[in-house]
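Presented below is the structure to which this report refers.
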Amino acid sequence: MARGLRHAVLLSVGWVALGGCQAPGASYDGVGIAYEPVEASFTESGCPPSRCATVTVSALRFPDFPALSERLRGELLAMGMGIGTGEQAPAESWEGYARDFMAQAQASRRLVPALNAASQARLEASVYARHDDLLIVELDGYVYHTGQAHGLPLTSFMVIDERLGRVVDVDDMLIDGREGAFQEALTRAHRRWLKRIDADAAFIENWPLSGTRNVAPLETGWVVRYNVYEIAPYAAGQPELRIPNDELAGIVEPRYLGSRTGR
């Protein structure tokens, strides 16, 4: 068992680490890319009661597509770094990430020894949607270090084209030369969202729309999600803008445009 960690368990088919065992979930056995659950948990050892740092992982792997498994793991591990200077490279394994996180937790406790709070990190991946040979995976991270005002949630979509067996991004899904039209559709969606939350003039001025590549192509349209502080304050969470299919026609490749309509 890794030094400084206790109760570390890794659950997945064919993985042996820290005394791992089989995950209880079943693989997807329908048409398309199969996936399996990956579960891991790490708790700091030798720490004050109620102040032990924890790392929990609830992810996925693709047994027939190791490159996709590595991509998903890499994106979650990078998400676990939070928003920083980018000078430190992400860990290459769950255990390595947990070890680094525990070291940071110890440093945080030294800075605020009287604060009764424990550092924690959660890294999660789950299937958000599946249709028309598209598998959309939602990646979520949450990192809190002792002494911070609040934890930092991060989110991202991983869009897998099952026909191609690879991840596709916005540039793959848009028709060439239609980036400007997509931005116009995004601006309209943003205006609808501002109206829905009854945003006042000060909000609109202080939190303008920013660009993002984080989209999920659903059957009725695209979901465009932002992280905290990108277009709204922390209390607003992670805003979602929705662009219906009828506004994406002629902008998105038909392959990535669902057949259903709706707002």
The residue from Gly32, Gly84 that alone is over 23 Å from Val137 (Cβ atoms) and either assigned by TED's automatic domain parsing to the domain that holds Ala121 or modelled with pLDDT under 95 (or both) is Gly84
How about the range 109-166: which strands (runs of 3 or more DSSP E) wholly inside it have at least 2 residues that are surrounded by fewer than 20 Cβ atoms within 10 Å (Cβ to Cβ) and small (Gly, Ala, Ser)?
-> 120-131
Name the pairs: first residue in the range 187-210 and of a type in the set (Val, Ile, Thr), second residue surrounded by 11 or more Cβ atoms within 10 Å (Cβ to Cβ), Cβ to Cβ under 7 Å, at least 6 apart or on different chains?
-> Thr187/Leu209; Ile204/Leu194
What number of residues within the range 193-219 are surrounded by 14 or more Cβ atoms within 10 Å (Cβ to Cβ) and either over 20 Å from the mean Cα position of the chain (by Cα) or of a type in the set (Gly, Ala, Ser) (or both)?
-> 8
When you go through (1) more than 20 Å from the chain's Cα centre (by Cα); (2) assigned by TED's automatic domain parsing to the domain that holds Val137; (3) surrounded by 17 or more Cβ atoms within 10 Å (Cβ to Cβ) one by one for Ala189, which number turns out not to apply?
-> (2)
When Val224 is run through (1) part of a loop (DSSP other than H, G, I, E, B); (2) modelled with pLDDT of 95 or more; (3) under 25 Å from Gly151 (Cα atoms), the failure sits at (1)
Looking only at the range 182-221, which residues are part of a helix (DSSP H, G or I) and not hydrophobic (A, V, I, L, M, F, W, C)?
-> Gln183, Glu184, Thr187, Arg188, His190, Arg191, Arg192, Lys195, Arg196, Glu205, Asn206
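The values are calculated or read from the model by the stated rules, or taken from the named source; none is laboratory data. What you see is a predicted model, and the numbers here were worked out from it, not measured in a lab. All Cβ positions, even for glycine, are placed from backbone atoms using ideal geometry, and neighbour counts span all protein chains on display.
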